[in-house]
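Working notes, beginning with the structure itself.
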Amino acid sequence: MADSYDYDLFVIGAGSGGVRAARLTALGGKRVAIAEEHRVGGTCVIRGCVPKKFMVMASDFAHQFHTAEGYGWTVDARFDWPKFLEAKDIEIARLSGIYAANLGKAGVDLINGRAVLKDAHTIEILGKDQTITAERILIATGGRPWVPEDLPGVEHAITSEEAFHLPQLPKRILIAGGGYIAVEFAGIFAGLGVETTLIYRGPNLLRGFDDDVRAHLAGEIEKRGIKVILGCRHAAIEKTATGLLNRLENGHEIETDVVMFATGRVPYVKALGLETAGVALNDQGAIKVDALSKTTADNIWAIGDVTDRMNLTPVAIREAVAFHETVYRDNPQAFDYEAVATAVFSQPPVGTVGLTESEARHSLGGAVDVYLTRFRPMKYAFTGSDERVLMKLVVDGQSQKVVGVHIVGPESPEMIQLAAIAVKAGLTKAQWDATCAVHPTMAEELVTLKDKQQPGQMSAG
């Protein structure tokens, strides 16, 4: 039956998830093709976490130089935006090339073009007069930025995707949004010397994160020079002779050179032909899948951001592996979304894994123990800086398992990866306490926290 098709598997979208699934399946001896309408690598490599991390690292040097002066250094530094962009683009091209080369080495046919479904087994490559058939299809098209299209003047704004290619560094920028993309880019531009304003319609940043993390980060990023306006959004954007005038719903007006919307991302399903193939969407507009990533069409699966389950690159890769094991190795696997660590590369960064305090109190049905500390790290104590680190453990009061770890401060993404192992393993607070501290480090606080926080109690600053 499979021989009657051009391919055993056709993958739409060559991001991290799609590439991993295609390579594994081809290495298993199947005939595989993958189509990508832009560049191989997807959101993460081309227009997401990788170039953004380069920008975070570039912008953080300003803070490091300032700190260095407290240690006796005299620093005379200047930033060259075009030089940085050139180096960044060269590295992104190199990484994209590696992805494409690895597909070729695995025996995957790479098709450059936009693929749309004509029916459950037929794919058309638009503009190439090419029609392909496949026994099975995997959709991994990711997501795209969402902007309020009904906002007057929104055509003058950019999204995170254009921020990677600004021809020149603006003097003033306003970023709309309160999620991780918004706070990361706010830190980037502020670190590069741009007058940065962040507006968000909600009561605090990072909705869905632990409340102590949200409050702490909002205060810390203001110390980095970012102006934060909460409970507010745009009424209109007007182009003027000197810039862009942001008219806000609270009546205030702010003129900037660039306006960037980081108001969320949506699954990229537009004009894919899903309905002709019997693939349904859920109520949020994402491709509807079961626990094994199968869609409502028997021979079509979907993974990654297009399913809007947990929009993280490592998760898409794990979903790809589970798809391959399920479909081609007769080993049904469903990815476990519990206790997945994540980082926000804000300045300072955030690392978090497991339950927030609120989630724990609602879901555990019993006592919850909270251990929280805020302190000035050794590096900044020497210079007199008032920046603070936050560390918080959320513990099941019955089993004493540590079910949540939340950190705001330098190197928190590195720390949270290791803390996630302990949380995933279900280790208890006593086992954390039995672990000898590494001194002097910030991380030692994670195994030396002894005093429970009482409900409603404020920790010492």
Of all the residues that make up the range 70-115, how many are under 30 Å from LYS379 (Cβ atoms) and touching a Lys or Arg at 6+ places or on another chain (Cβ under 6 Å)? 0
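Picking from VAL259, VAL289, VAL266, VAL279, which residue would you name as being among the β-branched types (Val, Ile, Thr), open to solvent by 50 Å² or more (accessible area, probe 1.4 Å) and in contact with a strand residue (DSSP E or B) (Cβ under 8 Å, 6 or more places away or on another chain)?
Details: VAL259 fails: open to solvent by 50 Å² or more (accessible area, probe 1.4 Å); VAL289 fails: open to solvent by 50 Å² or more (accessible area, probe 1.4 Å); VAL279 fails: open to solvent by 50 Å² or more (accessible area, probe 1.4 Å).
None of the other options fit; the residue is VAL266.
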Hey, THR326 assigned to a loop (DSSP other than H, G, I, E, B), buried (at least 17 other Cβ atoms within 10 Å of the Cβ) and among the hydroxyl-bearing types (Ser, Thr, Tyr) or not: no
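Among residues belonging to the range 242-269 that are among the small types (Gly, Ala, Ser) and over 30 Å from ILE139 (Cβ atoms), point out the one that is modelled with the lowest pLDDT.
GLY251
Report yes if some residue within the range 332-345 is closer than 30 Å to ALA215 by Cα, open to solvent by less than 20 Å² (accessible area, probe 1.4 Å), touching a helix residue (DSSP H, G or I) at 6+ places or on another chain (Cβ under 8 Å) and in contact (Cβ under 8 Å) with a residue 60 or more places away in the chain; otherwise report no.
Within the range 332-345 (the criterion being closer than 30 Å to ALA215 by Cα, open to solvent by less than 20 Å² (accessible area, probe 1.4 Å), touching a helix residue (DSSP H, G or I) at 6+ places or on another chain (Cβ under 8 Å) and in contact (Cβ under 8 Å) with a residue 60 or more places away in the chain), the answer is yes, since at least one residue qualifies.
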Taking the range 210-254 and keeping only residues that are closer than 18 Å to ALA343 by Cβ and either of a type in the set (S, T, N, Q) or open to solvent by less than 50 Å² (accessible area, probe 1.4 Å) (or both), one is left with ASP210, ASP212, VAL213, ARG214, HIS216, LEU217, ALA218, GLU220, ILE221
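Got a number for residues in the range 292-313 being buried (at least 23 other Cβ atoms within 10 Å of the Cβ) and under 27 Å from VAL344 (Cα atoms)?
First pass over the range 292-313, keeping only residues buried (at least 23 other Cβ atoms within 10 Å of the Cβ): 293, 295, 300-307.
Applying the additional criterion that residues be under 27 Å from VAL344 (Cα atoms) yields 293, 302-307.
Total satisfying the criteria: 7.
Going through the range 218-240 one residue at a time, which ones are of a type in the set (Val, Ile, Thr) and not in a helix (DSSP H, G or I)?
First, pick out the residues of the range 218-240 that are of a type in the set (Val, Ile, Thr): 221, 226, 228-229, 237, 240.
Result: ILE226, VAL228, ILE229, ILE237, THR240.
Can you tell me which residues in the range 167-184 are in contact with a strand residue (DSSP E or B) (Cβ under 7 Å, 6 or more places away or on another chain) and either without any contact (Cβ under 8 Å) to a residue 60 or more places away in the chain or open to solvent by 10 Å² or more (accessible area, probe 1.4 Å) (or both)? Quick ask: steps written out before the conclusion?
Residues of the range 167-184 in contact with a strand residue (DSSP E or B) (Cβ under 7 Å, 6 or more places away or on another chain): 170-178, 180, 182-184.
Within the range 167-184, PRO170, LYS171, ARG172, GLY178, TYR180 qualify.
Starting from residues that are aliphatic (A, V, I, L, M) and at pLDDT below 95, keep the ones in the range 1-13 and report whichever is surrounded by the most Cβ atoms within 10 Å (Cβ to Cβ). Break it down stepwise before answering.
Within the range 1-13, the subset aliphatic (A, V, I, L, M) is 1-2, 9, 11-12.
Right, trim to at pLDDT below 95 and you get 1-2.
Details: MET1: 5, ALA2: 12.
Per the stated criteria, the residue is ALA2.
Working only within the range 183-205, note down all residues that are more than 18 Å from VAL56 (Cα to Cα) and part of a loop (DSSP other than H, G, I, E, B). Give the steps one after another, and end with the answer.
At the first step, the residues of the range 183-205 found to be more than 18 Å from VAL56 (Cα to Cα) are 199-205.
Hits for the range 183-205 are ARG201, GLY202, PRO203, ASN204, LEU205.
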Only one of (1) farther than 29 Å from MET55 by Cβ; (2) out of contact with any Phe, Trp or Tyr (no Cβ under 6 Å at 6 or more places or on another chain) is not met by PHE323, so which one is it? (2)
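The values are calculated or read from the model by the stated rules, or taken from the named source; none is laboratory data. Not measured: the values here are computed from a predicted model. Ideal geometry is used to build each Cβ from the backbone, glycine not excepted, and the neighbour counts take in all protein chains shown. These area figures cover heavy atoms from the full protein model, side chains too; ligands, DNA and RNA do not enter into them. Shrake-Rupley method; radii C 1.70, N 1.55, O 1.52, S 1.80 Å.
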